[in-house]
Amino acid sequence: MAIAKPMGSSNKRVRIVYAIATVETSLLILLIFMQPVYTRLVGGIWDRYGSLLKWTLSLDVHVLFAIPFLLLLILQFILGFIQKPGQVSNRIHRRLGLFILLYTPVFLAITIWNVSVRVPYLLLQLTFYFVIIYIVFFLIRGYRAIKNKDYLKHMDSMLGAFVLSGIAATARLVYPLYILIYGHIPISAIWLISTAIFLYTKLFLIYALAGRLKQNILVWLMQAVPIFLIYVVLPWPPN
């Protein structure tokens, strides 16, 4: 994010809704992954509620980059939401935004490596890659928006990228529902596609509550429709 112009009363709604969405996504990521990270730090093993995880090198590197990345993003959102013209926080916000812009490709490359090593099925991998591509799209859109001094569009895009970045945590949240509907069956792409649909429904509601749906509906449709179509053509029920 770069420096934003003063927000009027009509745009205060955008800040409030986006701030709540940012806190919710941050808490979800932290709560889902705090336990296995803790077991790794204290016990030396990756233990997710009794399930020992393999290929720990990719996880170690991913978490090593993910924790500071998440904290930087949270700080960046806070600076973006509270800043006013002339404040020192504006300069910090701009410089931190540039650092995050350079940091993001490295983190995404590590994420792709982690997915390719840990996710056993190509279709599951492709689902993650789909979402990563859409995250990159939002980041590019946000960068172009700030260059054009379209600050609300910049906020829309950064919020979209951040919400989608929670796909792994959201997948853990959706999994009990997946089991409830289909029973204890092998993991399939339906699970991750269902997660992606959940995320895009969430993003739709966030934009609607913020009064920014009209400005983002074409981008939302461009990303969400392929996800829904993939969901329709996948094997049903999952096997």
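Each reported figure results from applying straightforward, stated rules to the coordinates on display, with no laboratory input. Owing to the predicted nature of the structure, the values given are computational and were not obtained by experimental measurement. For neighbour counting, all protein chains shown are included, and Cβ atoms are generated from backbone atoms with ideal geometry for every residue, glycine included.
Among 216, 148, 114, the residue with the largest mean-square fluctuation in a Gaussian network model of the chain, with springs joining Cα atoms closer than 10 Å, is 148.
Other residues with beta-carbon under 13 Å from the beta-carbon of residue 215 carry, at +1 per Lys or Arg and -1 per Asp or Glu, a net charge of +2.
Nearest 0.05, what FRET efficiency do residue 140 and residue 57 give at R0 = 25 Å with Cβ-Cβ as r? Efficiency, rounded to the nearest 0.05: 0.25.
Take the convex hull of the alpha carbons in the range 165-226; its mean projected area over all directions comes to 4.7 nm².
Each principal axis of the chain carries a Cα extent, and these read 55, 42, 25 Å when sorted largest first.
Note on the range 101-201: Cα-only Rg and Dmax are 15.3, 50 Å.
A cut-off under 12 angstrom between Cβ atoms defines the neighbours of residue 143, and their net charge, with Lys, Arg +1 and Asp, Glu -1, is +3. With the simple model of a label 7 Å out from the Cα in the direction of the Cβ, residue 209 to residue 197 spans 2.2 nm. The charge dipole of the chain, taken about its Cα centre with unit charges on the Cβ of Lys, Arg, Asp and Glu (plus for the first two, minus for the last two), comes to roughly 940 debye.
Summing Lys and Arg as +1 and Asp and Glu as -1 over all other residues whose Cβ lies under 14 Å from the Cβ of residue 21 gives a net charge of +2. The simple spin-label model puts a point 7 Å past each Cα toward its Cβ; for residue 72 and residue 116 those points are separated by 2.2 nm.
In this rough spin-label picture, where each label sits 7 Å from Cα along the Cβ direction, the residue 20-residue 106 distance is 3.6 nm. Every helix of 4 or more DSSP H residues in the chain counts as -39500 (n - 2.57), and over all residues that averages to -28500 deg cm²/dmol at 222 nm.
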